[in-house]
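To start, the structure itself, in structure tokens.
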Amino acid sequence: MNHSTTLPAAVQLRPHSVESGFDWREYYYAIKSRSWIVVFCIILLTFWGIFKAANQHGLFSARSVLFIEQVKSRVLSVKVEEVRDDQIKSIDMINTLVDLLRSYPFALRVANRVKLAHDPAFLSAAGFHGDETTPEAAAGILVGMVKPNYRLNTRLIDIVVTTRNPSLSMKLANAYADEYLFYNQDQQSEASRAASSFLMEEAGRLRKKMRASEEGMQSFRERERAASIDSMLQEAQGQISELSTRQNQLQSKITQINSDLEVAKQDKGDTPALLRLPSVATQPKVASLVSQLTELEKTFTLVQQRYRPKHPVYINIKTQIDFSKIELNKMLSDVVGLLESIKANLVDQESATKIEREAAEKRLLEVTSKSIEYNDLKREEESDSALYDAVLGRIKEVDITKELSDQPIRLQEAAVGAFPVGGSPIVTLLKAMLMGLGIGLAITIGLHKLDTSVKTVDQVETLTGLNVVASIPQIGGASTSRFGLFSKEQFTDMLSAWKNVNAIFHDKSLPIEKRLSQIHDTLRPTLVMLGNPNLGSSLPQGSELVVKEDRSGMVAEAFRSLRASVALSAQAEKQRTFLFTSALPSEGKSFSSANFALTLAHQGLKTLLIDADLRKPSISRIFYGMNRKPGLSEVLLGTAALVDAVNPSGVEGLSILTAGGRSSKPAELLSGKPLRDLLDEALQKYDRVVVDSAPLLAVSDTLLIAPSVDVLCLVIRSFMTPRRIITRALKSLSSVNIKPVGIVFNCLPSGSGSYYYSGKYYTTYGSKGVYGS
């Protein structure tokens with residue numbers, strides 16, 4: 001047996017490229033298939049538009065305008081304007097003002113001021129029956145008539161009032177503007193009284209606080225005797241600075257002496273070298289001898305020019321120079337001791353300076369600790385005094401009568417007329433219908449975009465890279481529907497589902513959790529159908545063998561095309577076993593394998609159809625309406641022979657091997673040598689063997705059978721199988737090195753022209769069959 005999956009020449013894979021650009025037909029058929037949603041939305045919004053148009057009356061709007069002053073109003077003077085915090089400072093305050101105008105309490109103020117509860121024009125416009133009502137009820141109606149709005153990027157607030165009476169609209173718009181001015185004036189007067197009262201109380205409080213501060217300061221001065229703490233601080237800081245400078249100088253001298261000591265110890269007896277040392281040269285006795293010697297040498301130079309060596313003057317000067325040098329050398333002979341003595345004296349001075357500095361720092365800390373308390377008391381005294389003086393000054397500056405004339409808001413424009421608003425009933429109705437159309441189209445396109453299933457032959461071939469070897473039209477359901485509405489079969493299925501739901505809901509023998517689960521499972525197909533009528537309805541039992549019942553129909557012709565593509569090629573003798581599978585259940589693999597086997601039998605090929613779906617078999621139900629035994633399970637277990645398990649189908653040339661009894665280990669049965677032996681034995685007696693297997697992603701049974709067959713066909717159901725599921729199914733097949741011969745595209749809508757078949761080419765048959773009526 002040849003187990004390869006080499007494709008016939010007629011169906012070799014060809015490269016596919018993803019088409020780009022906008023395809024209007026995709027959206028046209030998407031809208032057409034769900035046009036019931038568009039119709040429903042239009043009808044619903046039309047009824048709403050009729051209701052709105054019927055209740056629509058002639059309305060008139062009047063507008064008054066308030067202007068927000070750029071300069072803040074002041075109840076008090078410039079210096080005390082901070083006392084008030086209700087100024088219009090930001091967009092937040094403007095929005096607060098607008099919300100006030102919209103509020104019920106403000107509407108109640110207006111209603112009381114203009115006595116709306118007794119105004120016949122208002123009562124008539126508001127729909128009250130009688131001559132009067134309560135102010136509260138009038139205010140409740142008035143709130144809905146008024147729409148204050150802030151003009152963006154301006155300082156204007158529009159007060160728009162809309163009623164059925166133009167005079168009333170104008171009256172209420174002006175009443176609202178005037179009432180706010182009265183309201184603002186009341187607020188300012190109240191703020192002025194509150195500010196004056198606050199300032200007087202604050203002055204009394206600050207006077208007491210200032211007196212307490214002064215008494216505290218005096219008490220501190222007496223206790224610490226610190227009337228001049230500032231001068232004490234300056235004196236202590238100056239002393240520390242002076243001692244620090246002196247200490248630094250002493251340290252510098254000690255460092256210099258240490259350096260000179262090192263040189264003196266090395267150059268002892270070298271008078272010129274010793275005299276170059278700063279510590280030696282600056283000694284008073286040495287400096288005096290050096291100066292004296294220098295003067296004598298200068299005098300000796302002059303004497304040498306005037307006298308001879310034996311002259312008494314010459315001898316005297318020479319003698320003095322010699323004695324000076326001897327004395328200098330004698331003094332420098334003990335230079336190390338001299339420097340050590342000077343160093344000891346400097347170290348003693350440094351120690352004494354350090355002790356004095358520490359005492360000064362201690363004194364500064366004492367003064368500083370006192371100054372902290374002193375400064376605190378002083379600042380408190382000064383602050384209280386300044387606040388008290390400021391409040392006294394502000395009290396004197398208050399001029400309420402003058403400042404009350406300033407308003408933060410003034411009337412910019414009074415309402416002088418009213419203008420009609422609102423469209424005609426016809427316009428309202430047309431808007432509602434257009435809105436319904438827009439909403440319906442949006443929902444339809446949204447559902448189409450959310451639906452990830454494949455819908456056309458082009459989409460399948462582009463996604464998988466495989467040819468569609470057969471496009472099977474939808475039978476019944478959506479194929480017999482018109483204008484996107486539901487067909488008779490779909491309505492029947494939905495009514496049956498709702499009846500079942502009602503029965504499950506009233507079944508008190510089941511717990512509520514189980515009932516809800518069963519209701520969900522029962523309603524799921526109906527809910528999916530509501531979103532996508534193209535799914536159609538399930539075929540009734542006994543009507544799956546369409547090739548047998550209607551040999552001239554479009555479905556039978558599609559299966560004959562499948563037979564020609566995969567079973568009648570030049571390599572047909574090498575490709576005799578066929579496996580049909582799908583990614584998920586309910587995609588039509590059993591339907592496809594059964595009808596494909598029938599077309600082989602009609603061709604005169606002796607065919608065996610094997611139901612290898614041992615978990616949920618369907619072939620026996622399709623042909624016999626019941627599960628016949630023995631079957632494949634018994635043959636693989638060795639409890640029955642193939643010849644005894646095969647059943648006639650009622651069609652010449654076609655035999656059936658049902659799934660048989662349920663097995664506890666179906667995967668083990670299908671993965672062993674018995675299955676390969678069974679296929680070899682079947683090929684000795686039959687021309688073709690067709691195997692119906694379990695879904696790929698549900699269980700692993702198909703992956704165990706696939707290597708034993710020649711041709712594998714993957715069944716995909718249009719408008720149902722998601723793209724990601726198809727990709728996963730192909731990946732699972734590639735994991736065992738199996739490549740499908742092609743795609744059987746099942747349940748394509750046949751009532752939408754040719755778009756779902758190719759998206760490009762238009763080919764159709766007569767409604768009565770491929771051969772016409």
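The values are calculated or read from the model by the stated rules, or taken from the named source; none is laboratory data. As the structure is a computational prediction, the values presented were derived from the model and not from experiment. Reconstructed Cβ throughout: ideal geometry from the backbone, glycine too, with neighbour counts over all protein chains shown. When the accessible area is computed, the model is the full protein with side chains, heavy atoms only, and any ligands, DNA or RNA have been set aside. Shrake-Rupley method; radii C 1.70, N 1.55, O 1.52, S 1.80 Å.
Contact annotation: residue pairs with Cβ atoms under 6 Å, 6 or more positions apart or on different chains, pairing a residue in the stretch 23-48 that is among the hydroxyl-bearing types (Ser, Thr, Tyr) with a partner that is open to solvent by 50 Å² or more (accessible area, probe 1.4 Å), are SER35/PHE483; THR46/MET433. Evaluation of PRO707 against the conditions (1) assigned to a helix (DSSP H, G or I); (2) surrounded by 21 or more Cβ atoms within 10 Å (Cβ to Cβ) shows that the sole unmet condition is (2). With respect to the stated conditions, ASP260 is touching a Ser or Thr at 6+ places or on another chain (Cβ under 6 Å) and at pLDDT below 75. Being open to solvent by 60 Å² or more (accessible area, probe 1.4 Å), closer than 21 Å to LEU66 by Cβ and either β-branched (Val, Ile, Thr) or within 46 Å of the chain's Cα centre (by Cα) (or both) is a condition met by no residue of the stretch 131-143. Report, by residue number, each residue of the stretch 339-385 that is farther than 21 Å from LYS253 by Cβ, open to solvent by less than 70 Å² (accessible area, probe 1.4 Å) and of a type in the set (A, V, I, L, M). Residues satisfying the conditions are ALA359, ALA360, LEU364, VAL367, LEU377. Among the residues of the stretch 184-207, which ones are of a type outside the set (Gly, Ala, Ser) and either open to solvent by 30 Å² or more (accessible area, probe 1.4 Å) or not in a helix (DSSP H, G or I) (or both)? Matches in the stretch 184-207: GLN185, ASP186, GLN187, GLU190, ARG193, PHE198, MET200, GLU201, GLU202, ARG205, ARG207. Within the stretch 652-684, being surrounded by 18 or more Cβ atoms within 10 Å (Cβ to Cβ) and not small (Gly, Ala, Ser) holds for LEU654, ILE656, LEU657, THR658, PRO666, LEU669, LEU670, LEU675, LEU678, LEU679. Could you say whether any residue in the stretch 685-693 is open to solvent by 40 Å² or more (accessible area, probe 1.4 Å), among the polar types (S, T, N, Q), modelled with pLDDT of 90 or more and not in a strand (DSSP E or B)? The answer is no; no qualifying residue exists.
Being part of a helix (DSSP H, G or I), open to solvent by less than 70 Å² (accessible area, probe 1.4 Å) and modelled with pLDDT under 80: is that true of LEU181 here? Considered against the rule, which asks whether it is part of a helix (DSSP H, G or I), open to solvent by less than 70 Å² (accessible area, probe 1.4 Å) and modelled with pLDDT under 80, LEU181 comes out as no.
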